[in-house]
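Peer 1: The structure under discussion is supplied below as structure tokens; questions concerning it will follow.
The values are calculated or read from the model by the stated rules, or taken from the named source; none is laboratory data. Since we're looking at a predicted model, the values are computed, not measured. Using ideal geometry, Cβ is built from the backbone for each residue, glycine included, and neighbour counts are taken over all protein chains shown.
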Amino acid sequence: MYLLGAREFIKMPAGTFYEPYWKNTKEECLQIINKFKEEPKTFLDITDLHVFGDNFGSMSFTGNKEDDYIFYYDANVVGDANPSTTLYLVLDENELPDIILINDDEYNIIQLTKDEIIKIKNNFINNVFYKYETCEWVVEELDKLSKEYNSIVDVHIRS
């Protein structure tokens, strides 16, 4: 299990499981970092599981059975998310909980097993996801942010 900033996260391969922490301030990110260092196991209570594709799009799980629970959207590491105030909890398949609750809305909670989650991820990577090459401008922007002022971009902590 890793807690990563945007510059480290963009290096992850397609198919990586993650939970995003889009925050408003660096201080909020520092609180998450400190909690992760002190109690990493508390982060295994996954509430917003995603599968990384690339900077153009990732997958989140929904309660929509017609789409095999796949929701593909443009969760850009640079673009939609602010890389200066975003952290990513990255999980290996073996670290996923045995049961994950998917919240379609407050009235519709769907329970999926780890095996079902992995099967859905594989379907996304093999049949839905279209691989783009990582844009050079993304790497350049993250390098620039890192050098200028923002240590959040460079976070790389393993539990």
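Peer 1: So, in the range 68-95, exactly how many residues are closer than 21 Å to L112 by Cα, at pLDDT below 80 and assigned to a loop (DSSP other than H, G, I, E, B)?
Peer 2: Here the count works out to 2.
Peer 1: Taking the range 15-29 only, how many residues are more than 15 Å from D92 (Cβ to Cβ) and touching a helix residue (DSSP H, G or I) at 6+ places or on another chain (Cβ under 8 Å)? Steps first, please.
Peer 2: Restricting attention to the range 15-29, the residues satisfying the condition of being more than 15 Å from D92 (Cβ to Cβ) are 20-29.
Then keep just the ones that are touching a helix residue (DSSP H, G or I) at 6+ places or on another chain (Cβ under 8 Å); that gives 21-26, 28-29.
Total satisfying the criteria: 8.
Peer 1: When the residues of the range 17-47 are filtered to those that are of a type in the set (D, E) and out of contact with any Pro (no Cβ under 9 Å at 6 or more places or on another chain), which remaining residue is surrounded by the most Cβ atoms within 10 Å (Cβ to Cβ)?
Peer 2: Only one residue fits best here, namely E19.
Peer 1: Look through the range 1-11, keep the residues that are within 17 Å of S159 (Cα to Cα) and of a type outside the set (G, A, S), and return whichever of them is surrounded by the most Cβ atoms within 10 Å (Cβ to Cβ).
Peer 2: Let us first name the residues in the range 1-11 that are within 17 Å of S159 (Cα to Cα), namely 1-5, 8-9.
With of a type outside the set (G, A, S) added as a condition, the list becomes 1-4, 8-9.
Working: M1: 15, Y2: 21, L3: 24, L4: 23, E8: 19, F9: 27.
Looking at residues that are within 17 Å of S159 (Cα to Cα) and of a type outside the set (G, A, S), I get F9.
Peer 1: While we're looking at this one, here's another question. Out of K114, K147, K65, K119, report the one residue that is farther than 23 Å from G5 by Cβ and either touching a Gly at 6+ places or on another chain (Cβ under 6 Å) or at pLDDT below 80 (or both).
Peer 2: Result of the check over K114, K147, K65, K119: K65.
Peer 1: Looking only at residues that are over 17 Å from F17 (Cα atoms) and among the hydrophobic types (A, V, I, L, M, F, W, C) in the range 122-144, which one is modelled with the highest pLDDT?
Peer 2: Ranking the qualifying residues of the range 122-144, first place goes to L142.
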